[in-house]
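Shown next, in structure tokens, is the structure this report addresses.
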Amino acid sequence: MLAVTFQEPGRVAVEERPEPEPQAPDDAVVAVEASGICGSDLHIFHGRVGVEPGFTIGHEYVGRVVEAGDAVTSVSVGDRVLGTFHTACGTCFFCRRGVFQKCDEARVFGHGKLLGSLQGTQAERVLVPRANMTLRRVPDGLSDDAALFAGDVMGTGYHAVVSAGLEPGDTCAVIGLGPVGLCAVMAARVAGAARVIGIDTVPDRLATARTLGAEPVHATEEDPRAAAKAATDGRGVDIAIEAVGTGQTLDLALRLARKAGTVSLVGVHAEREEVNVGMAWLKSLTVLTGHANVMGHLDSVLALMAAGRLDPTPLVTHHMKLEQAPQAYETYARHEALKIVLSA
């Protein structure tokens, strides 16, 4: 089968790989019909997240179950399914408390030895461990483009909002209007935010944020802090969501939040960074970090998507074949695409 593999920073390849087979009773094999390129894949591409050369990457996928172990009961061969970006056992200390992303046995697709050596989903077929936890049937009428978002990007945007405790009437700023940030804009609007400020430097992304109900603010040509104060009688926003993963954007999030506000970090922070803890302390901020609990939110996200309340499909700007993955990554790295879907 064909698979997209990491080679070195700035280069991926499409190579032949052996077809996966179930290794445990609760394993499944999915024939992948569509896979997305995510911002965290771009971190791998640039070398910010270390993955061994030759490892299959990718963690977003929709397809059909072609094999299932005897212990797989939630899906069946022939089902159209989507999966979360990681696996979980369902029985450890953390899973029993619903913190599935911190499962003691969690493995992340396509992130190499560091996160469980689980081959990625940008391939014609993928082995899915813990299939009862990891897979869901795709609701009738939900397109591949939409379903791809549920297991990672929309789930992450939704988590950024829900975990921060956004209440109807709150104000929210979203820093970074890539797919995760734009999904956070959608989730904030659905949750009842009175005003959402979307901050980025890419004009197309700012324009998309406006269509989704956000007030776009250019990060360098305008003053995000002034915009936040103007929207809140000088207080600052109730919730600031950082969806980039740099020290500069984290600092901005801390500055935009009001006293006793909340900062939600869903951007991938892969390096050591200096943070003004004193400012966070003086403002009595609540700071939330880490992987999103996509598995915990999955059923709610799918229900909202199936009902048309959340619709990420306008974020898909490019459809390309799996064989075109090297060109797709280069396009994405140049910020010439918002979301690229690869098809087998």
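The values are calculated or read from the model by the stated rules, or taken from the named source; none is laboratory data. From a predicted model like this one, the values you see are computed outputs, not experimental measurements. Glycine also receives a Cβ, built like all others from the backbone with ideal geometry; neighbour counts cover every protein chain displayed. What goes into the accessible areas is simple: the full protein's heavy atoms, side chains included, and nothing from ligands, DNA or RNA. Shrake-Rupley method; radii C 1.70, N 1.55, O 1.52, S 1.80 Å.
Taking the condition of being in contact (Cβ under 8 Å) with a residue 40 or more places away in the chain, surrounded by fewer than 17 Cβ atoms within 10 Å (Cβ to Cβ), not aliphatic (A, V, I, L, M) and not in a loop (DSSP other than H, G, I, E, B), how many residues in region 44-98 meet it?
1
Have a look at A260, A253 and point out the one that is open to solvent by 20 Å² or more (accessible area, probe 1.4 Å) and either out of contact with any helix residue (DSSP H, G or I) (no Cβ under 8 Å at 6 or more places or on another chain) or more than 21 Å from I197 (Cα to Cα) (or both). Step through it out loud before you land on a result.
Working: A253 fails: open to solvent by 20 Å² or more (accessible area, probe 1.4 Å).
Sole residue among the options that is open to solvent by 20 Å² or more (accessible area, probe 1.4 Å) and either out of contact with any helix residue (DSSP H, G or I) (no Cβ under 8 Å at 6 or more places or on another chain) or more than 21 Å from I197 (Cα to Cα) (or both): A260.
Return a yes/no flag: does region 36-43 have any residue that is at pLDDT 95 or above and open to solvent by 20 Å² or more (accessible area, probe 1.4 Å).
Looking only at region 36-43, we keep the residues that are at pLDDT 95 or above, and these are 36-37.
Of the ones still in play, those that are also open to solvent by 20 Å² or more (accessible area, probe 1.4 Å) are none.
Scanning region 36-43, I find no residue that is at pLDDT 95 or above and open to solvent by 20 Å² or more (accessible area, probe 1.4 Å), so the answer is no.
Pick out, from region 187-273, the strands (runs of 3 or more DSSP E) lying fully within it that include 3 or more residues that are within 19 Å of the chain's Cα centre (by Cα) and free of Cβ contacts under 8 Å to residues at least 60 places away in the same chain. Explain how you work it out, then say what you get.
Details: elements: 195-200, 215-218, 237-242, 257-265.
Of the strands (runs of 3 or more DSSP E) lying wholly inside region 187-273, those with at least 3 residues that are within 19 Å of the chain's Cα centre (by Cα) and free of Cβ contacts under 8 Å to residues at least 60 places away in the same chain span 195-200.
For region 137-177, what are the residues that are surrounded by fewer than 22 Cβ atoms within 10 Å (Cβ to Cβ) and within 19 Å of H269 (Cα to Cα)?
Once the filter is applied, which keeps residues that are surrounded by fewer than 22 Cβ atoms within 10 Å (Cβ to Cβ) and within 19 Å of H269 (Cα to Cα), region 137-177 yields only S163.
Looking at E323, E336, can you tell me which residue is part of a loop (DSSP other than H, G, I, E, B), open to solvent by 40 Å² or more (accessible area, probe 1.4 Å) and farther than 20 Å from A150 by Cβ? Explain how you work it out, then say what you get.
On the way: E323 fails: part of a loop (DSSP other than H, G, I, E, B).
From the options E323, E336, the qualifying one is E336.
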